[in-house]
Amino acid sequence: MRETSNPIFRSLPKQQGGYAQFGSGVAGAQQVAYQADPYTTQYPPQTGVSRPMTIDDVVTKTGITLGVLSVVAVVSYFLVSSNLALAMPFTLVGSLGGLALVLIATFGRKQDNPAIVLSYAALEGLFLGAISFVLANLVVSGANAGALIGQAILGTIGVFIGMLVVYKTGAIRVTPKFTRMLVAGMVGVLVLMLGNFLLSMFGVGGGAGMGLRSGGTIAIVFSLVCIALAAFSFLIDFDAADQMIRAGAPEKAAWGVALGLTVTLVWLYIEILRLLSYFQQR
């Protein structure tokens, strides 16, 4: 199986020839049969053995995760709008808490734990609601905040659907070389983000660091690069999820897929919203 740029997918438990299953013995033999002929192999009922993951599981778990995130984000937005002092704590708690859960899920191999996934969704919703209010109402003055956020949401959905079509039609093939190039690009972006943050802390560039988030030309180019990387990440994540289904990964693994896709969607939305706010400032 090809490696994905999303560490959440990479850390899903694997064994030679496929993904680790719950149960052994007959279940293992049936899994081999399923991979050989997934359309005709029948699974008799077994106690304590998880059924293979399906695309419906992925859609359902992802929908639930995004539903929790969206509800919390709306509540967070209106709470901040009524009390601006909540913006900073909501942003910090949501972003840092979400990052902590992603690290726990990835390195602790708990990415298929629904409690962790849904807790992440709630924390990211807290963060997204607060940061959306700040970017659309405070960073950009005199703009229609609702229209700006709506455009960012539509842009995110459009990119997601577009990349799904690209993947399904095979317009861009997911190859090991493609994956390596994408991972290298993401590492480069991460290094630039950290460098810009540290420089801004020391007052370099008037507190703007390298200008990656200043709203100028460099910031616009940087956001476009981030959007492109997030978009292409979907191709690799779709491919990883598709291969997991083909390999008969257990049903519970769909929570890990939902978590990985949500992480990329959140990143994409933030970058699109930032880009739109830059244009509003000009």
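Could you tell me which numbered condition residue 49 fails, if it satisfies all but one of (1) modelled with pLDDT of 50 or more; (2) part of a helix (DSSP H, G or I); (3) surrounded by 16 or more Cβ atoms within 10 Å (Cβ to Cβ)?
Status for residue 49: all satisfied but (2).
Can you find a residue in the range 215-223 that is modelled with pLDDT under 80 and within 21 Å of residue 279 (Cα to Cα)?
Yes, the range 215-223 has at least one match.
Return the residues of the range 144-164 that are open to solvent by less than 30 Å² (accessible area, probe 1.4 Å), of a type outside the set (S, T, N, Q) and either closer than 11 Å to residue 273 by Cα or over 17 Å from the mean Cα position of the chain (by Cα) (or both); say none if nothing qualifies.
145, 148, 149, 150, 152, 155
I want to confirm something. Restricting to the range 79-115 and keeping residues that are among the β-branched types (Val, Ile, Thr) and closer than 16 Å to residue 135 by Cβ, which single residue is most open to solvent (accessible area, probe 1.4 Å)? So that I can check it myself, show each step before the final result.
Looking only at the range 79-115, we keep the residues that are among the β-branched types (Val, Ile, Thr), and these are 80, 91, 93, 102, 104, 106.
Adding the requirement that they be closer than 16 Å to residue 135 by Cβ leaves 80, 91.
Details: 80: 1, 91: 26 Å².
Going through the qualifying residues, I end up with 91.
Being out of contact with any helix residue (DSSP H, G or I) (no Cβ under 7 Å at 6 or more places or on another chain), in a helix (DSSP H, G or I), free of Cβ contacts under 8 Å to residues at least 60 places away in the same chain and not small (Gly, Ala, Ser) narrows it down to one residue among 101, 79, 126, 96; which is it? Steps first, please.
Working: 101 fails: out of contact with any helix residue (DSSP H, G or I) (no Cβ under 7 Å at 6 or more places or on another chain); 79 fails: out of contact with any helix residue (DSSP H, G or I) (no Cβ under 7 Å at 6 or more places or on another chain); 126 fails: out of contact with any helix residue (DSSP H, G or I) (no Cβ under 7 Å at 6 or more places or on another chain).
Just a single option satisfies the conditions, and that option is 96.
Assess whether residue 70 counts as being more than 23 Å from residue 156 (Cβ to Cβ), polar (S, T, N, Q) and open to solvent by 50 Å² or more (accessible area, probe 1.4 Å).
no
The values are calculated or read from the model by the stated rules, or taken from the named source; none is laboratory data. The structure presented is a predicted model; accordingly, all values stated were derived computationally and were not measured. Here the Cβ is made from the backbone with ideal geometry for all residues, glycine too, and neighbour counts use every protein chain on show. Each accessible area value is taken on the protein alone, full model and side chains, heavy atoms only, with ligands, DNA and RNA left out. Shrake-Rupley method; radii C 1.70, N 1.55, O 1.52, S 1.80 Å.
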